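J.: One structure is given below, represented as structure tokens, and several questions about it will come after.
The values are calculated or read from the model by the stated rules, or taken from the named source; none is laboratory data. From a predicted model like this one, the values you see are computed outputs, not experimental measurements. Quick reminder, even Gly has a Cβ in these numbers, built from the backbone with ideal geometry, and neighbours come from all protein chains shown. Side chains are part of the model used for accessible areas, which takes the heavy atoms of the whole protein and leaves out ligands, DNA and RNA. Shrake-Rupley method; radii C 1.70, N 1.55, O 1.52, S 1.80 Å.
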Amino acid sequence: MGFVWHHIAGALFGLTAAALIGYAVDETNGLLLASCGWLGGWLVYQFYYIFKLVRWLATPKTDTAPPAGGMWSHVFDAMLQQAKSRNNREQKLTTALQRFNRAVEAMPNGVLILDRQGRIGWMNPLAVQHLNLSPHSDWNSLLKNRVHIPALLNFLDSPPATAPEIKITLPKSGGIGTRTLLVAQAVFDGNEKLLITRDISETEQLNATRTAFVANVSHELRTPLTVINGFLETMADMPGLPREQSQQFIGLMQKEGRRMQTLLADLLTLSRLESGAKAELSPVNLSALAASLTDDADNLSAGKHTIRAEIEPDLWMKGAPADLYTALSNLVFNAVRYTPEGGEITVSLHLVPSGNPLIKPRIRFAVRDNGPGISAEHLPRLTERFYRVDKGRSRRDGGTGLGLSIAKHVLAAHGSALQIWSEVGKGSEFSAEFRQTAPPEAA
């Protein structure tokens, strides 16, 4: 405040000097005239800077202030610093608000703020997606009028303390499929309500898959265990059972035991593949593997089918030999099991040109049969665990219902995918393509 007193003292000094000069010229009249003249000039000076201040405040600039003299230079400088400080605070608040909005938009949950009447005061993009809202027209509208789910409406009418969360299912935008949401509510800022939505569709689907898996495994094990226990009880109750009949019972029990062993082995293999465990990779001669599978198919067929081999020699890839054999043998053996007696099965292996000289050709493995074929509605589900087109025949032929699921996972681990073509009355083809590598001796 020292500069204020300095300018006040300067003003008083100027007024006193003017009065003395006037008095010296014309005593009393001169004193009055000189004093009034000095005060008038001083007021004009002040009003001039007040006018400049008003104009500057109308369109303030935070980089420079109008030039001024005397005390007004301090006033303009002080106001300029205040304007700069206010502008910095506004920029910081704007940046913080932008960061907050980005953070809320990046949240894995939907967030809505409802006022005391239930109107939407704010919502993030994920909440718009979850509840099929409009990001433009649904602001300040009643949520009850936009989401017509009775369970959710009752939930919104309940106090957050008594009903903190609810699970609802609603159709996705466009009407294709459904979405399961976990909706939580809490009191927000006194009279408002905060809703948080979380998409748990994948979790619900996974739980349903696990439940179905346990049920399927239990069902698959129940039949052989029932057979084995039944024969054991019969043999225990009839110790004098003829040898021929007891041997028949033992053979059937052994068959069911082997079936359970096969099922458990497939389950362990599938569990290992789904866990993402990495198998040790080595060079694999696919030509030799395809030829071996053809021989195995011929042995399994026992002369009931015509087995053809169209195998290009010396085709190599890098992979897990045991897993590849498991996957590809499932494709070949399924063709033998499901092709009627007298049918034809072709195992082929050849290079497929990419059409681009910069991209190497890929190795295509395929198993084709002229069996009954598979209806189109079954094709998308063939690789599901325990899914069977003909359940009774699969069990009779020793299938576990896991072969194609195992094949799908093995092929995915080798950068490939199972391709299925089938037409009722014409047959089926199961194929996969692999990346070619050089033989070990040429590496």
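J.: Pull out the extension gain between residue 103 and residue 274, defined as 0.36 nm times the separation in residues minus the alpha carbon to alpha carbon distance; nm, one decimal.
T.: 58.2 nm
J.: If you average the alpha carbon positions of region 416-435 and of region 119-135, how far apart do those two centres end up, in angstrom?
T.: A separation of 44 Å, based on Cα centres.
J.: Below 19 Å, Cα to Cα, which lysines can residue 360 reach? Residues fewer than 8 away in the same chain don't count.
T.: 318
J.: Right, another one. Out of the total accessible area of region 290-408 (probe 1.4 Å, heavy atoms of protein only), what percent is carbon and sulfur? Please list the in-between numbers first.
T.: Numbers: 2890 of 5780 Å².
Carbon with sulfur: 50 percent of the solvent-accessible area.
J.: Could you state the number of Å between the C-alpha centres of region 88-108 and region 338-380?
T.: Centre-to-centre distance over Cα atoms comes out at 56 Å.
J.: May I pose another question? Under 14 Å between alpha carbons, and skipping anything fewer than 8 positions from residue 278 in its own chain: which aspartates and glutamates qualify?
T.: 323
J.: Distance from a point 7 Å along Cα→Cβ of residue 314 to each backbone N in region 347-364: keep the residues under 16 Å and list them by number.
T.: Answer for this model: 350-351.
J.: Assuming 0.36 nm per residue, please report the length gained on full extension of the stretch residue 438 to residue 322 beyond their Cα-Cα distance. Walk me through the intermediate numbers first.
T.: Values: separation 116, 0.36 × 116 = 41.76 nm, distance 1.99 nm.
Length gained, residue 438 through residue 322: 39.8 nm.
J.: Calculate, in nm to one decimal, what residue 248 and residue 412 gain on full extension: separation in residues at 0.36 nm each, minus their alpha carbon distance.
T.: 54.7 nm
J.: Then there's this: Suppose R0 equals 25 Å; then what is the FRET efficiency for residue 170 and residue 122 from their Cβ-Cβ distance, rounded to the nearest 0.05? Write out the running numbers ahead of the final one.
T.: On the way: r = 21 Å, r/R0 = 0.84.
Step by step, r from the Cβ atoms, then E = 0.75.
J.: Give me the one-decimal nm value for the distance between modelled label points at residue 237 and residue 424, 7 Å along each residue's Cα-to-Cβ direction.
T.: Taking the simple label geometry, residue 237 and residue 424 are separated by 4.4 nm.
J.: Going down the table (92/144; 304/426; 255/304), which pairs top 30 Å between alpha carbons? Please report the intermediate quantities before stating the final value.
T.: On the way: 92/144 37 Å; 304/426 19 Å; 255/304 22 Å.
Violating the 30 Å limit, Cα to Cα: 92/144.
J.: Then there is this: For region 65-213, report the translational diffusion coefficient in µm²/s to the nearest whole number, using Stokes-Einstein at 25 °C, 0.890 mPa s, and a Kirkwood Rh over Cα pairs. Display every interim value, and only then the final one.
T.: Details: Rh = 18.6 Å.
Diffusion coefficient, whole number: 132 µm²/s.
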